[in-house]
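First comes the structure, then the notes that go with it.
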Amino acid sequence: MKIAILSRNKNLYSTARLVEAAQKRGHECVVLDHLKCYVGMSKGVTTIHYNGQDVSDIDAIVPRIGASVTFYGTAIVRHFEMMGVFSANESQAITRSRDKLRSMQILARAGIGMPITGFARTANDVGDLIQMVGGTPLVIKLLEGTQGIGVVLAETKKAAESVIEAFYGLEVNILVQEFIKESKGSDIRAFVVDGKIVGAMKRTAKEGEFRSNLHRGGSAALIKLSKDERQTALNAAKCLGLTVCGVDMLQSSRGPLVMEVNSSPGLEGIEKATGEDIASKIIEHMEKRLLTRGNKTKDKIGV
């Protein structure tokens with residue numbers, strides 16, 4: 001089959017590994033910068049062009065959509081879907097997961113363990129909002145943040161009030177979350193492909209930092225998940241409608257707590273920590289799904 005990796009940089013580790021895995025399995029593979037794709041539509045006709053060429057001959061796509069271009073990127077994914085092209089993750093699921101508030105609301109409804117989370121848009125009730133999540137210390141997150149950017153730890157009530165009010169003054173949306181002190185600057189990423197855990201790593205923040213993101217200097221090591229951690233990761237992926245994702249969890253005294261479900265998880269950290277060929281597992285999943293396309297079920301999540 002002909003597979004397109006939707007990525008803005010063909011030299012990124014994750015993109016290069018997916019191309020390598022696809023070609024090793026005998027597929028034609030191209031990298032398309034989704035921001036350079038453009039679409040046409042008329043009655044009963046949909047087309048996609050890239051660099052002046054019609055790319056409607058694609059059989060399947062792997063979206064690697066950056067958080068800053070979610071709207072345009074998912075529009076391109078959706079257009080491919082309308083043309084009958086299989087996508088490793090559906091456009092609706094990507095959009096759902098990228099909205100931190102929406103995804104946390106869905107996780108809460110499904111009974112998934114998560115840090116106590118608050119959301120507000122006025123400074124009038126900051127004190128009550130802080131109490132709602134268990135007081136300080138607490139974590140403040142920009143809804144549009146990624147890779148640990150826009151995440152602040154407020155250790156005192158006064159600091160929390162100042163930071164929250166400052167964000168409101170800038171007219172940006174934030175989440176306020178309970179700080180899980182027993183996690184000790186570490187978290188777990190479980191990599192899910194087609195309803196199975198294909199790899200898991202524990203990420204630990206560098207000294208003096210509470211964010212464990214590898215992009216912020218954190219380290220990663222192989223970890224064996226508990227039964228609860230495995231089930232929580234699988235449930236989180238399912239309730240957001242994601243087939244390929246990274247589920248980030250904190251270990252707490254009340255069990256695993258989901259922080260985020262990433263629809264475009266990086267492959268470098270997980271492959272190096274686990275020694276697993278995750279890229280090939282994604283391509284294998286796509287092969288199987290293309291053979292059973294008639295059995296595809298409609299997204300029933302509803303939000």
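Going through (1) touching a residue at least 60 places away in the same chain (Cβ under 8 Å); (2) in contact with a strand residue (DSSP E or B) (Cβ under 8 Å, 6 or more places away or on another chain) one by one, Met132 falls short only on (1). Scanning region 136-160 for residues that are modelled with pLDDT of 90 or more and hydroxyl-bearing (Ser, Thr, Tyr) yields a count of 2. Here Met1 passes the criteria (1) surrounded by 15 or more Cβ atoms within 10 Å (Cβ to Cβ); (2) free of Cβ contacts under 8 Å to residues at least 60 places away in the same chain except the one numbered (2).
Quick grid of which residues meet (1) out of contact with any Pro (no Cβ under 7 Å at 6 or more places or on another chain); (2) among the charged types (D, E, K, R); (3) not assigned by TED's automatic domain parsing to the domain that holds Glu268:
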{"site": "Lys157", "(1), (2), (3)": "yes, yes, yes"}
{"site": "Ala160", "(1), (2), (3)": "yes, no, yes"}
{"site": "Ile164", "(1), (2), (3)": "yes, no, yes"}
{"site": "Phe167", "(1), (2), (3)": "yes, no, yes"}
{"site": "Leu170", "(1), (2), (3)": "yes, no, yes"}
{"site": "Ser186", "(1), (2), (3)": "yes, no, no"}
{"site": "Ala190", "(1), (2), (3)": "yes, no, no"}
{"site": "Asp194", "(1), (2), (3)": "yes, yes, no"}
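Are any of the residues in region 103-118 touching an Asp or Glu at 6+ places or on another chain (Cβ under 7 Å) and surrounded by fewer than 23 Cβ atoms within 10 Å (Cβ to Cβ)? Checked against the condition, which is being touching an Asp or Glu at 6+ places or on another chain (Cβ under 7 Å) and surrounded by fewer than 23 Cβ atoms within 10 Å (Cβ to Cβ), region 103-118 yields at least one hit.
Yes/no matrix, rows are residues, columns are (1) within 21 Å of Gly269 (Cβ to Cβ); (2) touching a Leu at 6+ places or on another chain (Cβ under 9 Å); (3) modelled with pLDDT of 95 or more; (4) in a strand (DSSP E or B):
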{"residue": "Ser162", "(1), (2), (3), (4)": "no, no, no, no"}
{"residue": "Leu175", "(1), (2), (3), (4)": "no, yes, no, yes"}
{"residue": "Phe191", "(1), (2), (3), (4)": "yes, yes, yes, yes"}
{"residue": "Glu207", "(1), (2), (3), (4)": "yes, no, no, no"}
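Could you tell me whether any residue of region 129-148 is within 23 Å of Ser219 (Cβ to Cβ) and part of a helix (DSSP H, G or I)? The answer is no; no qualifying residue exists.
Go through region 1-115 and tell me which strands (runs of 3 or more DSSP E), entirely inside it, have 1 or more residues that are of a type in the set (D, E, K, R). Of the strands (runs of 3 or more DSSP E) lying wholly inside region 1-115, those with at least 1 residues that are of a type in the set (D, E, K, R) span 2-6, 28-32. Selection over region 161-195 of residues that are buried (at least 18 other Cβ atoms within 10 Å of the Cβ), among the polar types (S, T, N, Q) and over 20 Å from Thr232 (Cβ atoms) gives a count of 0.
Determine, yes or no, whether Phe71 is of a type in the set (Phe, Trp, Tyr) and without any contact (Cβ under 8 Å) to a residue 12 or more places away in the chain. Walk me through how you get there before you give the answer.
Working: of a type in the set (Phe, Trp, Tyr): yes; without any contact (Cβ under 8 Å) to a residue 12 or more places away in the chain: yes.
It is true that Phe71 is of a type in the set (Phe, Trp, Tyr) and without any contact (Cβ under 8 Å) to a residue 12 or more places away in the chain.
The values are calculated or read from the model by the stated rules, or taken from the named source; none is laboratory data. Quantities reported herein were computed from a predicted structural model and do not represent experimental measurements. With ideal geometry, Cβ positions are generated from the backbone for all residues, glycine too; neighbour counts draw on all protein chains shown.
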